[in-house]
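The values are calculated or read from the model by the stated rules, or taken from the named source; none is laboratory data. What you are looking at is a predicted structure, and each value in this text was computed from that prediction instead of being measured. No Cβ is skipped: glycine too gets one built from the backbone with ideal geometry, and neighbour counts run over all protein chains shown.
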Amino acid sequence: MKEELSHEEYRLLVEKAPIMIWRADVSMACDYFNEAWLTFTGRSLEQERGNGWAEGVHPEDFDRCLRIYTSHFAKRAFFEMEYRLCRFDGVYRWIFDKGVPYLDAAGRFKGYIGSCIDVTERIEARETLKRVQEAEIRQLRGFLPICSYCKKIRNDKNYWEQIESYISSHSDALFSHGVCPECKAKALAEIADKR
């Protein structure tokens, strides 16, 4: 048989959970943050209450964060978002925040409960992977299919054209022609053989 947890046990679970937990009332103002949140931000519950917590949101993320929060709150819908939050040491860390509406025993909407985790390493790994992939794509786009014999290049319409023509149509490069010493010697030898 399942044993009921006491109020104190629930409080300890929430306070000692390894994730940041917050709660907002029906006015959208936050009225609770657990120890993990307060330790992360280095701020007091009084500083975070109401909209004080939003002071820690990175300025570039603030409008998007507020838009997601208020639009979902109005619909009483579950939401997820990522934003940067200032840690106690002044460093912004990426946070994954999930919020859910909660009801009292009578089924009345009472606000939101949310949980947050620091996902900075995941975001940075994702960004690094994206940069590597973009660099690989740029490198692959730089490959030119070139004939080993005549040195013509296959263009994106699958036609083979002279290298000078291809490069001129894809850049501002201009060409002047000459003959290198090796080719000059080879050409003169071919002319001499034909005589």
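Here are some notes:
- Look at the stretch 12-26: where a residue is part of a strand (DSSP E or B) and a partner is modelled with pLDDT under 80, sitting 6+ places away or on another chain with Cβ atoms under 9 Å, you get ILE21/VAL14; ILE21/GLU15.
- LEU188 vs. criteria more than 30 Å from TYR92 (Cβ to Cβ) and free of Cβ contacts under 8 Å to residues at least 60 places away in the same chain: yes
- Among the residues of the stretch 40-59, those that are assigned to a helix (DSSP H, G or I) and either under 17 Å from ARG84 (Cβ atoms) or not aliphatic (A, V, I, L, M) (or both) comprise PHE40, THR41, GLU46, GLN47, GLU48, GLY52, TRP53, ALA54, GLU55, GLY56, PRO59.
- Residue within the stretch 115-138 that is at positive phi and either at pLDDT below 90 or exposed (fewer than 10 other Cβ atoms within 10 Å of the Cβ) (or both) present: no
- Taking first residues from the stretch 112-140 that are under 20 Å from ILE19 (Cβ atoms) and touching a residue at least 24 places away in the same chain (Cβ under 8 Å) and partners that are hydroxyl-bearing (Ser, Thr, Tyr) and not in a helix (DSSP H, G or I), the Cβ contacts under 6 Å between residues at least 6 apart in sequence or on separate chains come to ILE113/TYR102.
- In the stretch 74-171, counting only strands (runs of 3 or more DSSP E) that sit wholly within it, the ones holding 2 or more residues that are more than 22 Å from ARG49 (Cβ to Cβ) and in the same structural domain as TYR32 (by TED's automatic domain parsing) span 79-86, 92-103.
- Scanning the stretch 77-108 for residues that are surrounded by fewer than 16 Cβ atoms within 10 Å (Cβ to Cβ) and either over 16 Å from TRP22 (Cα atoms) or of a type in the set (S, T, N, Q) (or both) gives ALA77, PHE88, ASP89, GLY90, VAL91, ASP104, ALA105, ALA106, GLY107, ARG108.
- Residue count for the stretch 170-195, restricted to those that are surrounded by 10 or more Cβ atoms within 10 Å (Cβ to Cβ) and closer than 30 Å to LYS157 by Cα: 2
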